[in-house]
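There's a structure below that I have some questions on.
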Amino acid sequence: MSGKMIGKYLPVDYQDTFCVEAEGNQLSPKEIISKIFGHNPAWLQALYKVRTCLVKPFGIETKPLDTENLIIEDTEQEAIMQKDDKHLLFYVDVFIEPISDDRQRIEITTLVKYHNWIGKAYFFCIKPFHRIIVPVVLKKVLKANK
């Protein structure tokens, strides 16, 4: 985890980091967060609909995230989004590191703290999807902005 700011939100119950290399300096970290949560291809919309039906009885929030109001830290190289509800707290960190004049490394780190057993059970169920969706969506967002 190379992000400089995200470390202060540790310890957590779960963390992962996905990295990709990209050409140029296309988007800011804040823009990447916004586009990731705004990128909803048909297959992802279908997954969200199933998720909504399954989690609504447990009081888990299902409305789309307004990432603009959830960004808690933002610099030229890094942005952190925080979402806290009654079941869990999660952070999404985007850190951009220049590799050369025309290449950069983009890291997305997710941190999750469980507030109760519902949050733990919920994240246990979505974790396999999270591990697939995050890198796929990041690559599609970057490809769309070439």
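In the list E78, E107, which residue meets the criterion of being touching a Lys or Arg at 6+ places or on another chain (Cβ under 8 Å), touching a residue at least 60 places away in the same chain (Cβ under 8 Å) and surrounded by 14 or more Cβ atoms within 10 Å (Cβ to Cβ)?
E78
Further question on the same structure: The conditions are (1) at pLDDT 90 or above; (2) surrounded by 17 or more Cβ atoms within 10 Å (Cβ to Cβ); (3) assigned to a helix (DSSP H, G or I), and G7 fails exactly one of them. Which is it?
(2)
Condition (residue is of a type in the set (D, E) and modelled with pLDDT under 75) applied to region 55-62: is it met by at least one residue?
yes
Out of all the residues in region 14-21, is one or more farther than 30 Å from W117 by Cβ, under 16 Å from the mean Cα position of the chain (by Cα), open to solvent by 50 Å² or more (accessible area, probe 1.4 Å) and hydrophobic (A, V, I, L, M, F, W, C)?
Yes, because at least one residue in region 14-21 is farther than 30 Å from W117 by Cβ, under 16 Å from the mean Cα position of the chain (by Cα), open to solvent by 50 Å² or more (accessible area, probe 1.4 Å) and hydrophobic (A, V, I, L, M, F, W, C).
Does L44 meet the test of being open to solvent by less than 70 Å² (accessible area, probe 1.4 Å), over 20 Å from I6 (Cβ atoms) and part of a helix (DSSP H, G or I)?
In short, yes.
Looking at region 84-97, can you tell me whether even one residue there is hydroxyl-bearing (S, T, Y) and farther than 25 Å from A144 by Cβ?
No, region 84-97 has no match at all.
If you don't mind, another one. Within region 31-41, take every residue that is touching a residue at least 60 places away in the same chain (Cβ under 8 Å) and surrounded by 13 or more Cβ atoms within 10 Å (Cβ to Cβ) and give me the one that is farthest from I71 (Cα to Cα).
Here the answer is H39.
Among the residues of region 110-144, which ones are open to solvent by 30 Å² or more (accessible area, probe 1.4 Å), assigned to a helix (DSSP H, G or I) and farther than 18 Å from T17 by Cα?
Selection gives W117, I118, K120, A121, Y122, C125, K143, A144.
Under 7 Å between Cβ atoms, at least 6 apart or on separate chains: pull out the pairs that start in region 13-25 with a residue that is in contact (Cβ under 8 Å) with a residue 24 or more places away in the chain and end on any residue that is of a type in the set (A, V, I, L, M, F, W, C) and surrounded by fewer than 14 Cβ atoms within 10 Å (Cβ to Cβ).
Final answer for the pair search is E21/I99.
Another question, if that's okay. Could you list, ordered by first residue, the pairs with Cβ atoms under 6 Å in which the first is in region 121-137 and within 15 Å of V92 (Cβ to Cβ) and the second is modelled with pLDDT under 90 and not in a helix (DSSP H, G or I), at least 6 apart or interchain?
Listed by first residue and then by second, the contacts come to V137/H39.
Additional query: Out of V141, V94, V137, V112, which single residue is farther than 27 Å from K8 by Cα and in contact with a helix residue (DSSP H, G or I) (Cβ under 6 Å, 6 or more places away or on another chain)?
V141
The values are calculated or read from the model by the stated rules, or taken from the named source; none is laboratory data. Everything numeric here is computed off the predicted structure, so don't read it as measured data. In this analysis, Cβ positions are derived from the backbone assuming ideal geometry, glycine residues included, and neighbour counts consider all displayed protein chains. SASA here: full protein model, heavy atoms, side chains in, ligands and nucleic acids out. Shrake-Rupley method; radii C 1.70, N 1.55, O 1.52, S 1.80 Å.
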